[in-house]
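The numbers here are math on the coordinates, done by the rules we state, and not lab data. For clarity, every value in this text was computed on a predicted model and none was experimentally measured. Here the Cβ positions follow ideal geometry from the backbone for every residue, glycine too, while neighbour counts run over all protein chains shown.
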Amino acid sequence: MTSLAPRPIKYNPPATPLSVLHHDAQILILSKPSGLLTVPGKPAAHADCLEARVRAKFPTATIVHRLDMDTSGLLVMAMTAEAHRHLGLQFERRKTEKTYIARVWGQVNENAGTILAPIITDWPNRPRQMIDFENGRHAETRWQVIEREGITTRVQLHPHTGRSHQLRVHMLSLGHPIMGDNIYAPDDAFNAASRLQLHSESLTLHHPDGGERVTFHDPCPF
């Protein structure tokens, strides 16, 4: 995999209001905007994040999983300790189902496929991740083409595992980086979009109260 010179990562969190899609005694379903950290970073300037904004309104809410800063879309938080344990086990045991929409650079020839490519942190170039078939952790992504749009392709992505930057690294491995990706995309693909073209569109899980299988949707904004 070709290494790119790192681009500076600037943190300018959007001032958009909190978007709560569902709220009950056990769970909180949110739509995270692109450009907002899920949890605070180490620098003081990175204190503003989804978790902090949510906790200001829902003090008992806790993080169960994360989305990359530049990824938008669905995220669930737990409202109780019991719900946190319940949801945490679902993610750990891969009982949840997630669907993402992405716009990638170039024309994807095949209509669908599965990527099985283990991922490991590229330590000298953090936060970059890379594929490593000897030392990487198992990573699996199913994908299918939704629409071919000139020099780009809109795809639906179904990660079976949840490795850091998994969808970004896996699409790059096919030769089709996600547009607007400031870490992995070459200049033409990076400059072709005003933000990372990756959105968490649907999330299916077992509700902690009774175990009913429920699905939440957040329409793709691009």
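The residue list 180, 162 contains one member that is within 15 Å of the chain's Cα centre (by Cα), of a type in the set (Gly, Ala, Ser), surrounded by fewer than 19 Cβ atoms within 10 Å (Cβ to Cβ) and part of a loop (DSSP other than H, G, I, E, B), which is 162.
Being more than 17 Å from the chain's Cα centre (by Cα) and closer than 30 Å to residue 213 by Cα is true of residue 57. The single condition among (1) touching a residue at least 24 places away in the same chain (Cβ under 8 Å); (2) more than 29 Å from residue 28 (Cβ to Cβ); (3) surrounded by 15 or more Cβ atoms within 10 Å (Cβ to Cβ); (4) over 15 Å from the mean Cα position of the chain (by Cα) that residue 136 does not satisfy is (1). So for segment 85-94 (the condition being touching a residue at least 12 places away in the same chain (Cβ under 8 Å), under 30 Å from residue 147 (Cβ atoms) and surrounded by fewer than 15 Cβ atoms within 10 Å (Cβ to Cβ)), does at least one residue qualify? For segment 85-94, residues touching a residue at least 12 places away in the same chain (Cβ under 8 Å), under 30 Å from residue 147 (Cβ atoms) and surrounded by fewer than 15 Cβ atoms within 10 Å (Cβ to Cβ): present.
For residue 38, the conditions (1) touching a residue at least 60 places away in the same chain (Cβ under 8 Å); (2) surrounded by 15 or more Cβ atoms within 10 Å (Cβ to Cβ); (3) assigned to a loop (DSSP other than H, G, I, E, B); (4) of a type in the set (Val, Ile, Thr) all hold with the exception of (1). Of everything in segment 21-32 that is of a type outside the set (S, T, N, Q) and surrounded by fewer than 20 Cβ atoms within 10 Å (Cβ to Cβ), the residue that is farthest from residue 212 (Cα to Cα) is 21.
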